[in-house]
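Engineer: This is the structure, below, for whatever I ask next.
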Amino acid sequence: MADQLVRLVDEELVRSLKDRAGRNGRDVDAGHWAILAAALARPHKRAFAEVLASMRDAGADADFGRMESAGDAPRVFD
């Protein structure tokens, strides 16, 4: 198994990591591994531009043009 060294970690963060590991019944290393594994197991969140780019073509822009109303819209929430 490889080693990972993290330098210049804020003392408050180190204290929080130790406290969290203790609350979960783990030693500090096992606590770090659990946090890293959970963070890396999360699904990748795609950027809004990626989502838009992945959408299939749904028609020409003219198909989605705004239609002018012939009168007042019905009042459906009164």
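None of the figures in this text is laboratory data; all of them are computed from the coordinates on show. Source: prediction; values computed, not measured. Heads up, the Cβs are rebuilt from the backbone with ideal geometry, glycines too, and the neighbour counts pull from every protein chain shown.
Engineer: With each run of n ≥ 4 DSSP H residues scored as -39500 (n - 2.57), what mean residue ellipticity at 222 nm is computed for the chain after dividing by its residue count and rounding to the nearest 500 deg cm²/dmol? Mind dumping the intermediate values first?
Structural biologist: Working: 3 runs with 34 residues, N = 78.
Here the helix-only value at 222 nm equals -13500 deg cm²/dmol.
Engineer: Another question, if that's okay. Describe numerically, in nm with one decimal, the distance between label points set 7 Å from Cα along Cα→Cβ at residue 13 and at residue 44.
Structural biologist: Spacing of the two 7 Å Cα→Cβ label points: 2.4 nm.
Engineer: Please state, to two decimals, what the Cα-based radius of gyration of the chain comes to when divided by 2.2 N^0.38 Å (N = residues).
Structural biologist: This ratio for the chain stands at 2.28.
Engineer: Please state the Cα pair-distance histogram of region 11-56 with 5 angstrom bins from zero: what percent is in each bin?
Structural biologist: The calculated distribution, bin by bin, is 5, 20, 17, 14, 9, 9, 7, 9, 7, 2.
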